[in-house]
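Read the structure below first, then the notes.
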Amino acid sequence: MTLQIVLFSLGWILFVLAQAQNSVHSTTNGLAGWKGFARWLQLQALNLVTRAFFSALFFGFIVNSVTSKIQAVGLSVTSTTIAGVAGYAANALLYQIFGLVPWLRVEIPDLEPPSASAATTPVVALTSNKPGGAA
């Protein structure tokens, strides 16, 4: 049971880290580096705590019911294996659901807009291969 909890938690944290990395590397907001990661965590704190709470509530149900259903069809997958995938999937599902709840939705570009220098970076126009540069 302890190993299941550890793997469930690792799957859950892996989803959060991937989500944070995507946000920090995005050019649509002003987050960058470790400082941006810390700011992202600060902005997402309520959302993350809420997702952690509901994931913990449904841990036993997810792991036990999915394991029994998979084993019923003849696949020899252990509940320990299911736990890691379930942690990742539970967090992903809750992320999508809570995105629909206005007070839990976090719009990073609105709260941490890109810097002025990033907004004024010139965009290179694509040119045509036709003679005379006609489009």
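Would you mind computing, in nm to one decimal, how far apart the modelled labels at Ala72 and Phe53 are, each placed 7 Å from Cα along Cα→Cβ?
3.2 nm
Going by amide H atoms built from the backbone, whose H comes under 5 Å of the H on Ala32, apart from near neighbours?
Phe37
List the residues of the range 44-84 whose backbone N lies under 15 Å from a point placed 7 Å from the Cα of Ile97 along the Cα-to-Cβ direction.
Counting only backbone N, you get 47-63.
Just want the answer: with Cβ charges of +1 for Lys and Arg and -1 for Asp and Glu, which residue in Gly87, His25, Ala72 is farthest toward the dipole's positive end in the range 2-130?
Working it through, the farthest residue towards the positive pole turns out to be Ala72.
Show me the ranking of peptides 80-87, 29-36 by mean Cβ neighbours inside 10 Å, starting with the highest.
Result, highest mean Cβ count within 10 Å first: 80-87, 29-36.
Using θ = phi - 60° and the Karplus form 6.51 cos²θ - 1.76 cosθ + 1.60, what ³J(HN,Hα) does each residue of the range 3-9 get, whole Hz, x for Gly and Pro?
5, 4, 5, 4, 5, 4, 5
Order of Phe37, Phe59 from fewest to most other C-beta atoms within 10 Å?
Details: Phe37 16, Phe59 19.
Placing the least packed residue first, the sequence is Phe37, Phe59.
Full extension from Arg105 to Thr2: what is 0.36 nm times the residue separation minus their Cα-Cα distance, to one decimal in nm?
Here the segment from Arg105 to Thr2 would lengthen by 33.9 nm.
Each reported figure results from applying straightforward, stated rules to the coordinates on display, with no laboratory input. Worth saying up front: this structure is predicted, and the values here are computed from it rather than measured. Every residue, glycine among them, receives a Cβ derived from its backbone with ideal geometry; neighbour counts consider all protein chains shown.
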